[in-house]
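First comes the structure, then the notes that go with it.
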Amino acid sequence: MKTVHLEKGKDKLSLSIYAMETYEDFDSIADYLIKKFSAQVIETLDGPAERVWTFLVPKKNANAGRLSVYDRLTLQNNPYSNSLYGAPGTLTTMERIFFDMQARFDNIKVNPVDIVPRIEKTDTLITALSEKYQLQTSNPKETIRPYLNDAISIKTDTPYINDEGYYYYLSQYGDMSIASEELSILVYGFGYWDGSAIRDYPLLSPNGFYAVADQCDEDGNMVYVAYNASVENGLKIWLSKELDNGFIPVYDDFTQWLEAVLDGSFLHYVNNEL
């Protein structure tokens, strides 16, 4: 049975708190938001059958004292439940609250989103890619972090990657394909497409590379995108036309590679310089 559920709608986010659904639980939830997340109560409505309180919750790592660094959330009780609502732009804060509540109800000591935080740049780039190319992920309904535990497992086993944008991609999207007349990219993940499951193979190749994706042209020529496990500093993303050797460093990190796919410079580099 779910204790708490976060749903992403078109115009708002809703966090249903099934484990604390009574009128009397409302005060405990409000107190939790104030103490755990430094929420400020700015509006209250307390009726005999419904309660609605509005909070300003500081964004993580934001400077206090400026309205722009707060998210506005509404806690509402009705005869059926207690729910927290926010605009789509409050997703990072709502995720923090959701996973912290879930961890508390399930007696987990560490909030999972502290291990794999949300990286907004990854979301922004994948949205832009979907508008330019034919893009599919294994999470088409945009469920909130369905692969978070899988991503945590990968992060635990790959300290040499150290790239939060990539780990967040795994936790939210799972797998991804990007296609056009010239592009055919498969970004590996958890097995939505044949050949995409990173756990089906050793994480590291014999030459010490962790494969992230591949690009296949119309003639079947391949380019592989990978992390070099032996390099701690410098460019993280390496490219090669062969999986076993020939890798060269090209991009700072996962999101810079996505930017290059988006603006066409990745394909230009593959066709003219690699």
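Which Cα, out of Ile185, Tyr169, Ile152, lies furthest along the positive dipole direction of segment 119-240 (beta carbon charges, K/R +1, D/E -1)?
The one lying farthest along the dipole's positive direction is Ile152.
For segment 1-115, how big is Rg over Rh, using alpha carbon atoms and the Kirkwood form of Rh?
Numbers: Rg = 13.6 Å, Rh = 14.4 Å.
For segment 1-115, the value is 0.94.
To the nearest 20 debye, what charge dipole does segment 23-128 have about its Cα centre, counting +1 at the Cβ of each Lys and Arg and -1 at the Cβ of each Asp and Glu? Present the calculation step by step, with values, prior to reporting the outcome.
Values: 12 positive and 14 negative charges, 105 e Å.
For this selection, approximately 500 debye.
Give me P(r) over segment 70-224, computed from all C-alpha to C-alpha distances, binned every 5 Å, as integer percentages.
Calculated over all Cα pairs of segment 70-224, the distribution is 2, 8, 15, 19, 18, 15, 10, 6, 4, 2, 1, 0, 0 percent.
Give, rounded to the nearest 20 debye, the magnitude of the charge dipole that the chain has about its Cα centre when Lys and Arg contribute +1 at Cβ and Asp and Glu contribute -1 at Cβ. Please report the intermediate quantities before stating the final value.
Working: 23 positive and 40 negative charges, 220 e Å.
For this selection, approximately 1060 debye.
Considering every Cα-Cα pair within segment 90-171, what fraction, in whole percent, is farther apart than 18 Å?
Details: 1526 of 3321 pairs.
Cα-Cα pairs of segment 90-171 separated by over 18 Å account for 46 percent.
Against the empirical 2.2 N^0.38 Å scaling, what ratio does the C-alpha Rg of segment 120-208 come to?
On the way: Rg = 13.2 Å, N = 89, 2.2 N^0.38 = 12.1 Å.
Compactness ratio reported: 1.09.
Accessible area of the chain with a 1.4 Å probe: how many percent of it is carbon plus sulfur? If you can, show how the numbers build up before the last one.
Numbers: 6770 of 14200 Å².
Here carbon and sulfur together make up 48 percent of the probe-accessible area.
So what's the back-of-envelope 222 nm ellipticity for the chain, counting only DSSP H runs of four-plus at -39500 (n - 2.57) apiece and dividing by all residues, rounded to 500? Working shown, then result.
Working: 8 runs with 83 residues, N = 274.
For the chain, the value works out to -9000 deg cm²/dmol.
Of the candidates Ile185, Ile108, Ile126, which one comes out as most mobile in a Gaussian network treatment of the chain with C-alpha springs shorter than 10 Å?
Fluctuation is largest for Ile108.
Applying the Karplus parametrisation 6.51 cos²θ - 1.76 cosθ + 1.60 with θ = phi - 60° to the phi angles of segment 46-59, what ³J(HN,Hα) value in whole Hz is obtained for each residue in order, glycine and proline being reported as x?
10, x, x, 10, 8, 10, 9, 10, 10, 10, 10, 10, x, 5
Taking a probe of 1.4 angstrom, what is the accessible area of Glu120 in Å², to the nearest 10?
Solvent-accessible area, nearest 10 Å²: 110 Å².
Which one of Leu204, Gly246, Leu125 has its Cα pushed farthest toward the positive end of the charge dipole of the chain, where Lys and Arg give +1 and Asp and Glu give -1 at the Cβ?
Farthest along the dipole direction, towards plus: Leu125.
Distance in nm between label sites at Thr74 and Glu7, each 7 Å beyond Cα in the beta-carbon direction?
1.6
What does the accessible area per residue of the chain come to in Å², with a 1.4 Å probe and no ligands, DNA or RNA counted? Spell out each step's value before the answer.
On the way: 14200 Å² over 274 residues.
Accessible surface, normalised per residue, equals 52 Å².
Given segment 184-274, report the % of alpha carbon pairs whose separation exceeds 14 Å.
Details: 2648 of 4095 pairs.
Summing the P(r) tail past 14 Å for segment 184-274 gives 65 percent.
About its Cα centre, what dipole magnitude does segment 94-229 give when the only charges are +1 on Lys and Arg Cβ and -1 on Asp and Glu Cβ, stated in debye to the nearest 20?
Details: 10 positive and 21 negative charges, 146 e Å.
Result for segment 94-229 is approximately 700 debye, rounded to the nearest 20.
Compute the normalised compactness of the chain: alpha-carbon radius of gyration over 2.2 N^0.38 Å, N being the residue count.
Working: Rg = 21.5 Å, N = 274, 2.2 N^0.38 = 18.6 Å.
The reported ratio for this selection is 1.16.
The values are calculated or read from the model by the stated rules, or taken from the named source; none is laboratory data. What you see is a predicted model; the values in this text were computed from it and never measured. We place every Cβ from the backbone using ideal geometry, glycine too, and count neighbours over all the protein chains shown. Side chains included, ligands, DNA and RNA excluded: accessible areas come from the protein's heavy atoms. Shrake-Rupley method; radii C 1.70, N 1.55, O 1.52, S 1.80 Å.
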